[in-house]
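In what follows, a single structure is set out as structure tokens and then discussed.
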Amino acid sequence: MNDELEYRAVLAVDIERSAGRGDRALLEIRARLTEMLEEAFEASGVDWSACLRHDLGDGLRVTTPAGTRKAALVHPLVPELALRLRTYNRGAGPLTRIRVRIALHAGDVHVSPDGTVAGSPLEVLARLLDAPPARAALAGAPETVPASLLLSGHFYDETVRHGHLGLFPEDFRKVGFTVKEHTADAWLQLPGRQPPAEAAPEPAEAQEEPACSETAGSKTAGSKMVNKASGHGVVYATQHGTQHIRIERKH
């Protein structure tokens, strides 16, 4: 194995609810998913033929070429893939419909001359792909939503957080998860669908005005207070309701 480490971005996809569909259906959806991935990569300016691909059984892991612009893997690649999946699903039956979880990470990996890739970033990627928040988000989304996207904290910080063209941090929400021995925070998005808005804080309860002794227990619109002034007729008062002032002058 090559002892030199290379910084690479890695992407993985996993087909939702692939079990129980039968071999023929699984072979078909795997082939169609690979075709759509290739189209999305090429549309995003990433050379598919230069990517190192590893079969995951229910999905695929892709190690991108050195120097790949990571932001392009979020946009336009993910929207391009989501568009193709949604278009395909319109004509697909229950056995061949495709919805996927997508995970993205980056880090230093070993790349062998035969194309084998190894290193801890692949372990992180596998945990992201299995993360319960991504599974739950996709399962709870309408059938028209074809994918969930989960970014590692490292990937998010180096790409989305800066808000480059086509990347909107507000479209992601931070989630925590634990898979096996791995506990981490990540950033979740349902492509094409806004995350749920934060609940607005409830308005503070209105503070009741202190009742005056003359009007205690009675706060009607017609409450009346009479103030008496003498001397130069200057009155200092705070008044609610109707106010009558009588000024007496001595002759």
>> Positive end of the dipole of the stretch 99-167, charges at C-beta (+1 Lys, Arg; -1 Asp, Glu), about the Cα centre: which of G153, L167, A134 has its Cα farthest in that direction?
In response: A134
> Simple spin-label model, 7 Å along Cα-to-Cβ: L167 to R69 in nm?
Replying inline: 1.1
> Is the shape of the stretch 5-189 best called rounded, prolate or oblate, per the rule: a/c under 1.5 gives rounded, else a/b larger than b/c gives prolate, else oblate, with a ≥ b ≥ c the square roots of the Cα gyration tensor eigenvalues?
Replying inline: rounded
> Are there trypsin sites (Lys or Arg not before Pro) in the stretch 131-185 that DSSP puts in a loop and that have at most 11 other Cβ atoms within 10 Å, and which ones?
Replying inline: K180
> At a Förster radius of 22 Å, what calculated FRET efficiency corresponds to the Cβ-Cβ distance of R24 and A136, to the nearest 0.05?
Replying inline: 0.15
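Read-outs: derived from the displayed coordinates by stated rules, not from any lab. Computed from a predicted model, the values in this text were never measured in an experiment. Here Cβ is always computed from backbone atoms with ideal geometry, including for glycine, and neighbour counts include all displayed protein chains.
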